[in-house]
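The values are calculated or read from the model by the stated rules, or taken from the named source; none is laboratory data. Bear in mind the structure is a predicted one, so any value in this text is a computation, not a measurement. Virtual Cβ from ideal backbone geometry, glycine too; neighbours counted across all protein chains shown. Note: areas computed on protein heavy atoms with side chains; ligands, DNA, RNA excluded. Shrake-Rupley method; radii C 1.70, N 1.55, O 1.52, S 1.80 Å.
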Amino acid sequence: MPLSSLLELPYVRNGPHERQWRVRARSYDTFVARVLSPAARHAGRALRVLDLGAGNGWLSWRLARAGHDALALDVREDDVDGLGAASGFLATPGGKFARVAASFDALPVCAGRFDLVVFNASLHYALDLRRSLDEAVRATTAGGRVVVIDSPFYARDEDGDAMVAEKRRNAAASFGERAEALMALPFVEYLTAERLRAALPLRWIRHRVRYPLWYELRPLTARLRGARVPSRFDVWEASVA
């Protein structure tokens, strides 16, 4: 992706993934307004933020540009969608942030280090939901927050299971030769409020994201077509004692 396009993230204005990023931009705006800014005002200082599933580092870059201390963590190091793709961000003024390649079920960080630990479109890729959330709590300072952004949530397990079944049926068409490898790992795949609270029994707060109208109408469209119930991608946060 050209540097000019990278620096637009999540506010993508054109291209094949423009509609997807329009939704993610709304999630980011909700995160900033409802979680990041209030936490910074309460702390009276810049925040220490752990960006889990950081990919190319766009969120960490925006946090750094806002004056916060960000650490981007991802299992991938390649220069396509992994941490290697962050080099363009790091070359911009005020855009410095640290990077580390690791899994978020075994975080190589000190306990109580971060004010915010953010699962950035990544918690549904956890292999062990409880362990991943326990690690996030361990990394969070007392009074800090664990945050989930852009993971698919369903009201019922039945609806999430229908999504997984559909994904498996369409894997070959969607992923080609990579289908078998991509579907081999037993990812969590989706979340429900009950799953989240069972794995981490803290007081979770949902911040409803106001999507573009076409996205908000998806449940109605699915019902009219007899299709499965679509997910939501709201922002969820829990305070750590």
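Side notes on the structure shown:
- Net charge of the neighbourhood of residue 139, taken over other residues with C-beta under 11 Å away and scored Lys/Arg +1, Asp/Glu -1, is 0.
- Accessible surface, segment 1-149, averaged per residue in Å² (probe 1.4 Å): 45 Å²
- Using a simple spin-label model with pseudo-atoms 7 Å out from Cα toward Cβ, residue 91 and residue 172 lie 4.3 nm apart.
- Cβ-Cβ FRET estimate between residue 198 and residue 75, R0 fixed at 22 Å, reported to 0.05: 0.30
- Taking a sphere under 9 Å around the Cβ of residue 188 and counting the other residues whose Cβ falls inside, with K and R at +1 and D and E at -1, yields a net charge of -1.
- For the chain, a Gaussian network of Cα nodes joined below 10 Å ranks 70, 86, 106 by mean-square fluctuation, and the top entry is 106.
- When 215, 11 are compared by accessible area of protein heavy atoms, the largest-first order is 11, 215, using a 1.4 Å probe.
- Solvent-free Debye scattering, log10 I(q)/I(0), computed from the Cα coordinates of segment 165-241 at q = 0.12, 0.13, 0.14, 0.26 Å⁻¹: -0.55, -0.64, -0.73, -1.13
- Spin-label zone in segment 223-241 - amide nitrogen under 13 Å from a point set 7 Å from the Cα of residue 207 along the C-beta vector: 234-239
- Part-to-part distance (alpha-carbon centres) for segment 109-133 and segment 169-227, which is given in Å: 18 Å
- Radius ratio Rg over Rh of segment 8-142, counting only Cα atoms, Kirkwood formula for Rh: 0.95
- Over all other residues within a Cβ to Cβ distance under 10 Å of residue 9, the charged ones net out to +1, with Lys and Arg as +1 and Asp and Glu as -1.
- Rounded, prolate or oblate (a/c below 1.5 giving rounded, otherwise prolate when a/b exceeds b/c) for the chain by Cα gyration tensor: rounded
- As a size descriptor, the averaged projected area of the C-alpha convex hull of segment 70-177 was calculated at 8.9 nm².
- Relative to the current alpha-carbon distance between residue 228 and residue 14, full extension at 0.36 nm per residue lengthens the span by 74.2 nm.
- Fully extending the segment from residue 37 to residue 189, taken as 0.36 nm per residue of separation minus the present Cα-Cα distance, adds 51.8 nm.
- Shown is the FRET efficiency for residue 164 and residue 138, computed with R0 = 22 Å from the Cβ-Cβ distance and rounded to the nearest 0.05: 0.15.
- When both bridge partners sit in the chain, DSSP labels roughly 30% of those beta bridges antiparallel.
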